[in-house]
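Peer 1: Just dropping this structure here.
The values are calculated or read from the model by the stated rules, or taken from the named source; none is laboratory data. The shown structure was predicted, so the numbers you read here are calculated from the model rather than taken from an experiment. Positions of Cβ are generated from backbone atoms using ideal geometry, with glycine treated the same way; all protein chains shown enter the neighbour counts. Surface areas here come from the heavy atoms of the whole protein model, side chains and all, with no ligands, DNA or RNA. Shrake-Rupley method; radii C 1.70, N 1.55, O 1.52, S 1.80 Å.
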Amino acid sequence: MKRNSLWKKTIEIFAATLIIMVFWYLLAIYVKNNILPTPLEAMTEFFMIFSGILWEHFYISAFRVVISIIAAMLLAVPLGLLLGREEKLDRYIAPVVYLVYPIPKIVFLPVVFLLMGLGNSPKIFMIGLIVFFQILVTTRDASKGVPMQNIHSMTSLGAVKWQIYYHVVWPACLPKILTSLRISLGTAIAVLFFVESFATTEGLGYFIMDAWSMAAYSQMFAGIIGMSFLGLILYVVLDMIEAKWCRWQYL
Amino acid sequence: MINSYELSLTYNQAENQVDALKDVTFELAEGESMSIIGPSGCGKSTLLFIIAGLLKPTSGRVVIDGCEPDAPGAETALILQDYGLFPWKTVYDNASLGLKVKGYNRKEQQDIVSPILKKLGLADFVNSYPAQLSGGQRQRVGIARSLALKPKILLMDEPLSSLDALTRETLQHFILDIWKEHKLTLVLVTHSIEEAVFLGKKICVMSDRPGMIQEMIANPMMGMPGYRQQQEFHGMCSRLRRLLGVEE
Ligand SMILES: Nc1ncnc2c1ncn2[C@@H]1O[C@H](COP(=O)(O)OP(=O)(O)OP(=O)(O)O)[C@@H](O)[C@H]1O
Ligand SMILES: [Mg+2]
């Protein structure tokens, strides 16, 4: 059954790709401008350069996104779970979180670049910072929503605090945490493009902007496909984690 | 032996205070059973939570075999209304959770839990999730989990309220058997008059908020074979009905 659903998913993705290609093709024919190459041209370019120059950029971008999401998750999830359950802690920290959350943190990019230089770290920091708050807020709300009865039932078995977190709070919140990760993924890739589009010579964002400045439109689209591909892979990975860890949700 | 002395509990919330229990005093001998019945919101669950050591009374105290209950799980097991099982754990993992929490290793868990699950007719469902079970099966998993801890005292909060009449009756007999076999001290909260009479050697009738003991009825015939069919059973039910203000 498991293999079946994986197979089904693959077919679905291919079918969806095909539909998008058809629309893209029609649009390209309609626009009739080399700014918008046909999907065939773009895909050919993509496969030609992927194992060559594109790969390095793809690799560095993937590295940046994955590290920032993992780091943000490792910090935000435990903190969110705690804030949702420990009222005292929450009373001090929640107001700060709610004040900072709506601030568009991307505007601090110049400051971050100035303070952290131009390497990988400011980019990872920027993506991580934005994603951190998304995960934190969702996790905290999920943790607050764990029914008191669940906690009582665990306490009545003689469980101590960490066991309650481990056996109840964490698994109860996991589906919502994964949802927040999925949403964060979209945000992370958008921010990735932004932070890579200047003051660097590595990454898909740079590659796309560079191709644009040289009017190499097929190449630019190869970069765009690369970025979509990156998102798709990470999305599928999250899906697989969910299917494995949250099986109870889909019975 | 459970002794409760003038238990009172007030819930303090931001704006309003709720007096949930007031001067609840009773005594329950070891191996005896007591059912608690009363209007909704009269503090039955609250009382059970205090006995389980999950809540501290505002005044008064509970003494179980000479000690105040503080760390739950040692001697008492609590079975809750709806949320007792964890939907993310399989039947087996749910049933062995109490032992796991207490630090038993895998082998020990298995040696204790497997026979219990088998006896409760759940052997074929060990790898199922609660969502894949019927209400009655789910409730049996909850009972299995509690029995695995070999408790002296079993506290149940409306364990059968969400079940159909047939399953409900079967499980009532089942609880009676367990009570007899394991010589447990049983405290059962229920909304059903028949269930209170069937499973309580003592029947504690509580009054509306703040919860006080309106009457403690002795029910000496409880547990005798065929009690449900006898005149005394129906007489007891009628008496309860009158006490609870249900018109006949
Ligand atoms: N955590 C809480 N905070 C504030 N008030 C509460 C809390 N829990 C219960 N109460 C109040 O205390 C009273 C007794 O509640 P309890 O749950 O013990 O009633 P109950 O007899 O078990 O009711 P039911 O038969 O409907 O389950 C109710 O009026 C309820 O509103
Ligand atoms: Mg209740």
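Peer 1: Looking at (1) touching a residue at least 24 places away in the same chain (Cβ under 8 Å); (2) touching a Phe, Trp or Tyr at 6+ places or on another chain (Cβ under 6 Å); (3) surrounded by 14 or more Cβ atoms within 10 Å (Cβ to Cβ), which is the one condition that is false for A:I35?
Peer 2: Here A:I35 meets the rest and fails (3).
Peer 1: For region B:90-99, how many residues meet the condition of being surrounded by 20 or more Cβ atoms within 10 Å (Cβ to Cβ) and more than 8 Å from every other protein chain (Cβ to nearest Cβ)?
Peer 2: Going through region B:90-99 one residue at a time, the tally reaches 6.
Peer 1: Considering only region B:110-133, I want to know if a residue exists there that is buried (at least 22 other Cβ atoms within 10 Å of the Cβ), closer than 29 Å to B:G223 by Cβ and within 16 Å of ligand 2 (Cβ to nearest atom).
Peer 2: no
Peer 1: Within region B:22-53, how many residues turn out to be within 13 Å of ligand 1 (Cβ to nearest atom) and either open to solvent by 70 Å² or more (accessible area, probe 1.4 Å) or touching a Pro at 6+ places or on another chain (Cβ under 6 Å) (or both)?
Peer 2: 4
Peer 1: Okay, moving on. Assuming B:S162 fulfils every condition listed in (1) within 16 Å of ligand 2 (Cβ to nearest atom); (2) assigned to a helix (DSSP H, G or I); (3) more than 20 Å from B:I51 (Cβ to Cβ) apart from one, which condition is it?
Peer 2: Answer for B:S162: the failing condition is (2).
Peer 1: Return the pairs, sorted by first residue and then second, in which the second residue is open to solvent by 100 Å² or more (accessible area, probe 1.4 Å) and modelled with pLDDT under 85, the first residue lies in region B:1-21 and is within 12 Å of ligand 1 (Cβ to nearest atom), the beta carbons are less than 6 Å apart, and the residues are 6+ apart or on different chains.
Peer 2: B:T10/B:Q17
Peer 1: Next up: Can you name the residue in region B:135-164 that is open to solvent by 60 Å² or more (accessible area, probe 1.4 Å) and modelled with pLDDT of 85 or more and, of all such residues, is nearest to B:I213 (Cα to Cα)?
Peer 2: B:K152
Peer 1: Ok, one more. Just checking, which of A:S180, A:S156 is within 14 Å of chain B (Cβ to nearest Cβ) and not hydrophobic (A, V, I, L, M, F, W, C)?
Peer 2: Only one candidate passes the filter, namely A:S156.
Peer 1: Limited to region A:187-196, what total is found for residues that are open to solvent by 10 Å² or more (accessible area, probe 1.4 Å) and in contact with a helix residue (DSSP H, G or I) (Cβ under 8 Å, 6 or more places away or on another chain)?
Peer 2: Of the residues in that region, 5 qualify.
Peer 1: Wholly within region A:116-186, which helices (runs of 4 or more DSSP H) include no fewer than the required count, namely at least 3 residues that are open to solvent by 30 Å² or more (accessible area, probe 1.4 Å) and out of contact with any Lys or Arg (no Cβ under 8 Å at 6 or more places or on another chain)?
Peer 2: Here the list reads A:120-144, A:148-155.
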